[in-house]
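Novice: I am attaching a structure below and will ask some questions about it afterwards.
The values are calculated or read from the model by the stated rules, or taken from the named source; none is laboratory data. Everything numeric in this text was worked out from a predicted model, so none of it was measured. Cβ placement follows ideal geometry from the backbone for every residue including glycine, while neighbour counts extend to all protein chains displayed.
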Amino acid sequence: MNILELKNVSMIYGQVKALYDVSLSVEQGEWLAIMGPSGSGKTTMMNIIGCMDRPTNGSVILDGEELSRLSPAELTAIRRDKIGLIFQQFHLISYLTALENVMVAQYYHSMIDEGEALLAMERVGLKERAKHLPRQLSGGEQQRVCIARALINYPRLILADEPTGNLDETNEHIVMEILRKLHNGGSTIIVVTHDPEVAVEADRTVFLEHGRISNVVRKNDVPDAVKAKDMQLSSAR
Amino acid sequence: MFMKMLVSSLIRRRSRMLAALCAIAIGATVLLGMAAISYDIPRQMGREFRSYGANMVLVASGEDALLKLEDSDRAAEVIPEKSLVGMTPYRYEIVRINMQGYTAAGTDFDQARRTSPYWNVSGAWPKEENDILIGSDIAEFTRLAPGSAINITGRASDGARFRRDMTVSGIVRTGSVEDEFIFMRLDTLDALMGNSGVAEVVEVSIAADEDELNALAAAISNHAPGVSPRLVKRVTQSETTVLSKLQSLVFLVSLIVLVLTMICVATTMMTVVMERRKEIGLKKAIGADNRSIAAEFLGEGMLLGVMGGILGTVLGYFFAQAVSMNVFGRGVILDWRLMPATVLVSVAVTVAACLWPVKRAADVEPALVLRGE
């Protein structure tokens with residue numbers, strides 16, 4: 001069953017075709033990676049899938065709901081209820097503690113539950129650091145708080161933008177392990193990344209070039225080593 | 001969570017918020033100070049205005065030419081003691097000095113000093129029974145000076161002639177009709193004329209505005225039917241004009257202060273919004289709607305307004321006292337209702353100043369968090 005479907009989606013700014021006639025389906029529980037060089041349309045695609053923008057043409061169906069004709073307020077409600085966002089730059093609120101940053105997502109969704117927020121912190125291994133401010137946390141810890149915040153409302157889709165882009169190797173492994181567990185638990189994950197080591201974990205990798213899908217590689221199609229090398233080549237192009 | 005976010009935002013980003021808080025507190029200080037002074041001006045200025053002279057005269061009602069002093073005493077019962085500055089009777093009779101006729105005015109000099117503080121007396125005010133003040137025009141004409149002895153003659157009420165030696169204790173100069181009068185004690189004039197208990201007019205100086213004076217005049221007419229009270233329009237209207245202009249000036253200053261406070265708060269809040277665009281974008285990205293964002297910023301504004309208002313109210317009290325002591329020489333009486341009113345106005349001004357920044361905040365796109373701006 002498809003949780004997300006893009007049909008002939010285009011995003012055109014004046015003369016610039018940021019995304020052009022893209023069609024893509026994502027199954028429930030699938031891990032999809034989106035790769036491509038800068039300017040290939042990755043961010044535009046993330047904005048559209050993340051309900052932060054509406055396409056110029058085409059239709060987007062998320063969890064059975066057509067998004068392209070919804071108002072900004074309706075898109076906010078979809079984003080709040082169905083999508084968990086993980087950012088490359090973490091984007092934690094500087095004046096709130098790690099726990100409060102997680103609770104903010106609860107607050108906007110429905111009502112706060114400190115016990116549940118603490119459980120989410122525990123899932124990312126940061127229960128002991130719950131009362132710390134973001135500036136008192138390392139980059140990896142901040143990203144794990146960001147992940148806890150994304151998971152707190154049980155989203156239908158987890159959307160991650162370069163989740164390991166600002167992390168060292170150790171923290172990259174920790175974050176990837178969390179994502180792996182989420183995937184194994186049945187979560188649907190879409191990751192935008194430059195990193196072939198991250199993309200190699202995905203069930204399927206979509207390559208974007210000049211706003212179009214140029215290539216699709218499935219995890220089961222080729223061995224990981226070959227696939228990673230192929231990805232590096234595609235990414236370099 | 002809402003309050004936690006507001007309080008954390010204010011406490012943990014204190015430098016920016018202190019700037020806004022200072023602006024609001026200063027605005028509230030000046031506002032309360034000005035309001036307190038404006039509210040107290042009539043009381044403060046009421047006494048000052050009494051240097052203009054009497055603002056009410058009592059004359060006999062009906063056809064009577066002379067006012068009975070027992071009637072004027074009855075009229076005085078209506079006037080609040082704290083408002084009554086002075087009440088001076090004047091009895092006018094014709095007397096002669098060296099065969100030349102002059103108007104003699106019998107009066108109560110202690111009261112005259114209160115109702116006519118503008119009298120410029122060279123020499124001394126009369127103390128003894130036979131001491132007199134003469135107007136400057138008479139002094140010039142007769143070449144009399146303080147200390148001069150004169151002989152005053154005339155006819156009493158029963159037609160009998162009288163003669164008395166008197167001493168000029170001082171010369172009065174007002175630039176008005178008083179310069180042509182001879183002033184003596186009322187009991188002295190009564191003794192010369194052979195009757196007492198009457199006066200042509202009683203001048204009254206009351207610390208009150210025009211409306212209060214009109215109300216008092218009506219009350220006097222009711223309470224003392226033999227008295228006809230009349231307002232000295234020249235004085236009462238001047239006072240009203242000056243008071244209203246002074247209050248308008250204070251109102252304008254307060255208005256300007258409020259506008260400046262609004263501009264300052266709006267600028268600070270706009271800076272805050274610009275600094276927090278990423279945070280606003282993030283909140284929207286994780287599900288905050290425009291109403292939540294607006295509520296957070298307006299909540300911060302209201303909290304700042306309350307804190308600034310309370311701080312300004314305390315400082316404003318001392319500001320009003322300092323201004324009042326310097327300008328009027330006495331402290332201000334603060335109407336306690338001005339305190340909550342100042343806090344409310346501070347909140348209203350702060351919220352109004354936040355409206356435009358809040359609109360800008362609501363316009364922030366959630367997508368900017370993905371663009372890494």
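Novice: Output the helices (runs of 4 or more DSSP H) that fall wholly within segment B:260-373 and possess 2 or more residues being under 31 Å from the mean Cα position of the chain (by Cα), or say none.
Specialist: Ranges flagged: B:290-327, B:338-363.
Novice: State all residues of segment A:75-113 that are outside any helix (DSSP H, G or I), in contact with a Cys (Cβ under 8 Å, 6 or more places away or on another chain) and among the aliphatic types (A, V, I, L, M); if no residue qualifies, say none.
Specialist: Of everything in segment A:75-113, those that are outside any helix (DSSP H, G or I), in contact with a Cys (Cβ under 8 Å, 6 or more places away or on another chain) and among the aliphatic types (A, V, I, L, M) turn out to be A:83, A:86, A:92.
Novice: Could you tell me how many of the residues in segment B:167-197 are assigned to a helix (DSSP H, G or I) and under 14 Å from residue B:93 (Cβ atoms)?
Specialist: Number of matching residues: 8.
Novice: Go through segment B:1-60 and give me each residue that's within 14 Å of another protein chain (Cβ to nearest Cβ) and among the charged types (D, E, K, R).
Specialist: If the condition is that a residue be within 14 Å of another protein chain (Cβ to nearest Cβ) and among the charged types (D, E, K, R), then B:4, B:12, B:13, B:14, B:16 are the ones that fit.
Novice: Looking at segment A:148-205 only, could you name the residues that are more than 16 Å from residue A:124 (Cα to Cα) and among the polar types (S, T, N, Q)?
Specialist: Of everything in segment A:148-205, those that are more than 16 Å from residue A:124 (Cα to Cα) and among the polar types (S, T, N, Q) turn out to be A:166, A:188, A:193, A:205.
Novice: Would you point out the residue of segment A:130-172, among those that are at pLDDT 85 or above, part of a helix (DSSP H, G or I) and more than 30 Å from residue A:5 (Cα to Cα), that is farthest from the chain's Cα centre (by Cα)?
Specialist: A:136
Novice: Here's another thing I want to ask about it. Could you say whether any residue in segment B:354-362 is of a type in the set (Gly, Ala, Ser), within 27 Å of residue B:268 (Cβ to Cβ) and within 14 Å of chain A (Cβ to nearest Cβ)?
Specialist: Checking segment B:354-362: at least one residue is of a type in the set (Gly, Ala, Ser), within 27 Å of residue B:268 (Cβ to Cβ) and within 14 Å of chain A (Cβ to nearest Cβ).
Novice: Does residue B:83 fit the bill of being over 25 Å from residue B:126 (Cα atoms), at pLDDT 80 or above and surrounded by fewer than 21 Cβ atoms within 10 Å (Cβ to Cβ)?
Specialist: Taking the combined requirement at face value, the residue satisfies it.
Novice: Which residues, counting only those in segment B:86-100, are more than 40 Å from the chain's Cα centre (by Cα) and surrounded by fewer than 20 Cβ atoms within 10 Å (Cβ to Cβ)?
Specialist: B:94, B:96, B:98, B:99, B:100
Novice: Quick one: would you say residue B:249 is in contact (Cβ under 8 Å) with a residue 24 or more places away in the chain and either over 24 Å from residue A:108 (Cβ atoms) or not assigned by TED's automatic domain parsing to the domain that holds residue B:17 (or both)?
Specialist: Answer is no for this residue.
Novice: Suppose we keep only residues that are at pLDDT below 85, touching a helix residue (DSSP H, G or I) at 6+ places or on another chain (Cβ under 7 Å) and among the β-branched types (Val, Ile, Thr) within segment B:327-357. Which one would you say is surrounded by the fewest Cβ atoms within 10 Å (Cβ to Cβ)?
Specialist: By that ranking, first place goes to B:333.
Novice: Then there is this: Looking at segment B:272-283, I want the residues that are farther than 19 Å from residue A:86 by Cβ and within 10 Å of another protein chain (Cβ to nearest Cβ) and have a partner that is basic (Lys, Arg) and buried (at least 23 other Cβ atoms within 10 Å of the Cβ) with Cβ atoms under 9 Å, at least 6 apart or on another chain. Which pairs are those?
Specialist: none
Novice: Any idea which residue in segment A:183-217 is surrounded by the fewest Cβ atoms within 10 Å (Cβ to Cβ), counting only those that are in contact with a helix residue (DSSP H, G or I) (Cβ under 7 Å, 6 or more places away or on another chain) and more than 18 Å from residue A:37 (Cα to Cα)?
Specialist: The residue in question is A:201.
Novice: Give the residues of segment B:154-166 that are in contact with a helix residue (DSSP H, G or I) (Cβ under 9 Å, 6 or more places away or on another chain) and either assigned to a helix (DSSP H, G or I) or closer than 15 Å to residue B:134 by Cβ (or both), sorted by residue number.
Specialist: Matches in segment B:154-166: B:164, B:166.
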